[in-house]
1. Which shape class applies to the range 122-165: rounded if a/c is under 1.5, otherwise prolate when a/b exceeds b/c and oblate if not, where a ≥ b ≥ c are the square roots of the Cα gyration tensor eigenvalues?
2. Each residue of the range 130-135 in order: what ³J(HN,Hα) in whole Hz does its phi give by Karplus 6.51 cos²θ - 1.76 cosθ + 1.60, θ = phi - 60°, with x for Gly and Pro?
3. Would you rank 67, 4 by solvent-accessible area, highest first, keeping every protein chain in place and using a 1.4 Å probe?
4. Over the range 5-45, what percent of the accessible surface lies on carbon and sulfur atoms, probe 1.4 Å?
5. Excluding residues fewer than 8 places away in the same chain, name every one of the lysines whose C-alpha is closer than 26 Å to that of residue 22.
6. Cut-off 18 Å, label point 7 angstrom out along Cα-to-Cβ of residue 121: give me the residues of the range 79-95 whose amide nitrogen falls inside.
7. Going 7 Å from the Cα of residue 84 toward and past its Cβ, which residues in the range 119-137 have a backbone nitrogen under 18 Å from where you end up?
8. In a Debye calculation with equal point scatterers on the alpha-carbon sites of the range 85-167 and no solvent, what is log10 I(q)/I(0) at q = 0.15, 0.17, 0.25 Å⁻¹?
Amino acid sequence: MSDTNPKSIDDGVVVAMHYTLKLDDGNQVDSSKGSDPLLYLHGHGNIVPGLEKELGGRGPGDIFDVTVAPEEGYGPRFPDMIQRVPREQLPQEIEPEVGMPIQAHTQSGEVMTLHIVEVTETEIAVDPNHPLAGENLHFSIEVVSLRPASAEEIEHGHPHGPGGHHH
Ligand SMILES: [Zn+2]
């Protein structure tokens, strides 16, 4: 670590952190343990807003738990948005499975990701909600290290290198 590395987390800082994510039932849905720390660029919406806010001002070695409500996590869940689609509308090469993400185009041409939540012989049900929508997110965080972002990283809005974005 050089002396030029930032001492605390602020906009434009690349943060390396370990995290574990559990839901209300204690189920662990994700963790960086056992692999490289996650890298993110602070202030660019790389992570959910409630977690990013809690990380501001923290420094290397800080360990803390934070609970993020859906409003500052992956948003509320809208159960009415689940849609049933005849299987023949899927591209031939796709063998649908529950949990599989598929890309769809909205009428305005935007690409959105849907998750398959049910598969029958004749149709599938797709859910536009994020899989973690409506969930309280219980994070355990360990801030590992900080460094300044490069101009290119600021321009792209994400960090590069191991644990970050690959092009
Ligand atoms: Zn990039």
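The values are calculated or read from the model by the stated rules, or taken from the named source; none is laboratory data. Everything numeric here is computed off the predicted structure, so don't read it as measured data. For neighbour counting, all protein chains shown are included, and Cβ atoms are generated from backbone atoms with ideal geometry for every residue, glycine included. These area figures cover heavy atoms from the full protein model, side chains too; ligands, DNA and RNA do not enter into them. Shrake-Rupley method; radii C 1.70, N 1.55, O 1.52, S 1.80 Å.
1. oblate
2. Whole-Hz 3J(HN,Hα) from phi for the range 130-135: 4, x, 9, 4, x, 9.
3. Of 67, 4, the descending order of accessible area is 4, 67.
4. 40 percent
5. Reachable lysines: 33, 53.
6. Counting only backbone N, you get 85-89.
7. 119-128
8. Values returned for q = 0.15, 0.17, 0.25 Å⁻¹ are -0.83, -0.91, -1.16.
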